[in-house]
Amino acid sequence: MTDTNEIVIDRVSESRLASTNFDDLVFGKTFTDHMLECNWRDGKWETTHIKPYGPIQVEPSCKVFHYGQAIFEGMKAYKDEAGDVFLFRPEDNWKRFNESAKRLAMPEVPYEVFVEGLKTLVNLDKGWVKYGEGLSLYLRPFMIASENGVAAAPSTEYKFMIVMSPAFAYYRGEVRVIIANQFSRAADGGVGYAKAAGNYAASFYPNNLAMEEGYQQIIWTDAASHEYIEEAGTMNIFVRIGDKLLTAPNNDRILNGITRRSVIQMAKDHGIEVEERRIRVSEIKEAAQNGELKEIFGSGTAAVIVPIKGFKHEDFKYELPVIENDYATNIKAALMDIQYNRTEDKHGWRVKI
Ligand SMILES: Cc1ncc(COP(=O)(O)O)c(C=O)c1O
């Protein structure tokens with residue numbers, strides 16, 4: 001697909017690293033010295049460029065502004081005590097990116113551009129990955145329709161880019177959620193399983209309404225009946241009833257989370273019984289009433305696992321019990337030990353830069 005596997009590197013003349021105050025960072029606002037760019041034109045990918053981070057020029061008629069043909073990924077690079085840097089399951093993100101591309105009628109990005117390009121970029125800006133509990137470099141590969149013209153048809157030109165932003169362990173405070181009974185994140189046959197930019201735009205309004213009521217997130221339910229839980233905000237969802245861990249099965253409305261997949265494997269490694277199946281809201285409410293509901297948590301790259309303290313569904317409100325030796329804490333610790341190279345990686349998830 002590519003003309004060349006060559007990556008042309010144009011380095012910054014002076015790094016911003018030394019003048020960046022890492023104690024005063026706002027997530028997603030500071031970017032490293034370099035970014036990657038590769039354009040699709042005339043039916044093929046052009047040479048990959050790594051260059052100083054900065055503005056790009058596009059015309060107002062650029063298709064992405066009009067029809068939202070845009071996808072992205074979210075991943076992280078971690079540093080261990082010795083200063084080595086690792087990615088976590090990067091090929092999984094590359095594969096999911098290309099599934100999103102296919103659904104949005106965009107060209108697939110070759111391995112050399114996405115994975116090898118990412119490794120080269122991270123290696124160049126290695127100094128921006130800080131060592132410390134919860135510290136990481138957030139990696140944002142994305143692709144936009146870059147052809148000019150407002151005709152409602154797929155673009156003939158695309159821009160694939162990667163930008164990177166230092167991230168720290170963030171504590172969201174206590175998370176309480178509303179289980180959706182009106183709004184939907186995704187529909188059957190739609191793009192919910194893709195990391196399409198528009199999915200996030202569509203979730204902001206219902207999420208704002210939930211926040212006005214004092215809740216931090218929405219548990220999305222199936223669009224057809226609102227009877228089954230599907231995702232927790234921008235995370236996959238897990239529910240512990242008794243000692244069993246339940247999670248919604250993948251379908252075309254749910255993002256196939258890489259953390260979800262890892263949590264399932266970790267849980268099984270710990271001897272926990274995991275069921276991937278549809279979970280009724282009524283089942284959760286019944287378990288809450290009879291004391292069997294032990295934990296609800298979300299999983300995602302950003303925070304690994306976020307425990308949910310309480311939920312509301314219509315008139316029903318419930319506060320989760322505080323329990324000892326909870327799954328959320330144990331599985332999060334086990335996963336972070338792998339990400340930060342503190343333990344054996346028996347599933348081969350870590351990729352050293
Ligand atoms: C809608 C949605 N669900 C789930 C996830 C979790 O996916 P992953 O574990 O691959 O980060 C994300 C992204 O973080 C997401 O945006």
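Every read-out reported here was derived from the displayed coordinates using simple, explicitly stated rules and does not represent laboratory data. In this text, all values refer to a predicted model and were calculated from it rather than measured experimentally. Note that we place each Cβ from the backbone using ideal geometry, even for glycine, and neighbour counts take in every protein chain shown.
For ILE50, state whether it is farther than 15 Å from ASN148 by Cβ, within 16 Å of the ligand (Cβ to nearest atom) and β-branched (Val, Ile, Thr). Against the criterion (farther than 15 Å from ASN148 by Cβ, within 16 Å of the ligand (Cβ to nearest atom) and β-branched (Val, Ile, Thr)), ILE50 does not qualify. Apart from one condition, SER19 fits all of (1) surrounded by 11 or more Cβ atoms within 10 Å (Cβ to Cβ); (2) outside any strand (DSSP E or B); the exception is (1). When each of ALA201, ALA194, ALA187 is tested for being in contact (Cβ under 8 Å) with a residue 12 or more places away in the chain, closer than 17 Å to ARG140 by Cβ, within 16 Å of the ligand (Cβ to nearest atom) and assigned to a loop (DSSP other than H, G, I, E, B), the lone residue that passes is ALA194.
The set of residues in the stretch 212-224 that are surrounded by 14 or more Cβ atoms within 10 Å (Cβ to Cβ), hydrophobic (A, V, I, L, M, F, W, C) and not in a strand (DSSP E or B) contains only ALA223.
Listed here are the residues, each with its yes/no results for (1) surrounded by fewer than 18 Cβ atoms within 10 Å (Cβ to Cβ); (2) closer than 23 Å to VAL8 by Cβ.
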site: TRP94; (1), (2): no, yes
site: GLU99; (1), (2): yes, no
site: PRO107; (1), (2): no, yes
site: VAL113; (1), (2): no, yes
site: ASN123; (1), (2): yes, yes
site: TRP128; (1), (2): no, yes
site: GLY134; (1), (2): yes, no
site: PRO141; (1), (2): no, yes
site: TYR158; (1), (2): no, yes
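Scan the stretch 31-82 for residues that are within 21 Å of LYS95 (Cβ to Cβ) and among the hydroxyl-bearing types (Ser, Thr, Tyr) and jot them down. Selection gives THR48, TYR78. Taking the criterion of being over 26 Å from ALA333 (Cβ atoms) and outside any strand (DSSP E or B), no residue of the stretch 292-312 qualifies. Among the residues making up the stretch 317-340, those that are more than 21 Å from the chain's Cα centre (by Cα) and either under 17 Å from ALA169 (Cβ atoms) or loosely packed, with under 14 Cβ neighbours inside 10 Å (or both) are LYS317, GLU319, PRO321, VAL322, ILE323, GLU324, ASN325. Looking at ILE50, ILE71, ILE56, just one residue is among the β-branched types (Val, Ile, Thr) and either more than 20 Å from ILE162 (Cα to Cα) or loosely packed, with under 13 Cβ neighbours inside 10 Å (or both), and that residue is ILE56.
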